[in-house]
Amino acid sequence: MKKHNYIVILVGVCGSGKRSVGEKVAQRLEIPFFDAEKLPLSKALPEGQLPQDVDLEKWLMSIKEIIIAESAKKGCVISCSVLKKEHRLFIADQVEHELDWVFMNGSYEHLVQRAEQTENHDRPASMIKSDFEALEIPKRALTIDIASPEPENIDTILKYLARKYG
């Protein structure tokens, strides 16, 4: 793939595979990966709370700072649970670099089943419901079906970027 300072942001509800897919996409693009839920601001969050529940503006600004810094370097891939349209617009309006949004789409039932089968999952299956209640599905994003095999989803993202940027 042609070198480009990609800023790829994977969004979706808890358990949709944002982190796993994002890490592998970043590795293939040879750029850094960031998990927004693991940013220093989010580390001290009580169990089951997203940064949006605590201090949304500071959390969104920390994502913006990463985007600005990394867009001037090699780019980056970020996974985050930016579930509301207004929060995605806030991030996009704060930076001058083009952002490539990827929506990790899956059914509530599939995600609950997935969470129950994963021992080290960040949030219990009961918390997925609140994510779905908050979710506003992005209209301007590459939509990935999480029921598809992970390697296929990674290839879909990479092919999308290759077509878009040549």
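Nothing in this text is a laboratory measurement; each read-out follows from the coordinates by a stated rule. Every value quoted in this text rests on a predicted model; they were computed, and no experiment measured them. Glycine also receives a Cβ, built like all others from the backbone with ideal geometry; neighbour counts cover every protein chain displayed.
Miscellaneous remarks
- Qualifying trypsin sites (Lys or Arg not before Pro) for segment 1-32 [loop in DSSP, other Cβ within 10 Å: at most 12]: Lys2, Lys3
- Glu109-Glu86 pseudo-label distance in nm [points 7 Å out on the Cα-to-Cβ vector]: 3.3
- Separation of the alpha carbons by more than 30 angstrom is noted, of Lys18/Lys73; Lys3/Lys129; Lys74/Lys159; Lys129/Lys164; Lys73/Lys129; Lys18/Lys164, for Lys3/Lys129; Lys129/Lys164; Lys73/Lys129.
- Under 10 Å, Cβ to Cβ, from Lys74 - net charge with Lys/Arg +1 and Asp/Glu -1: 0
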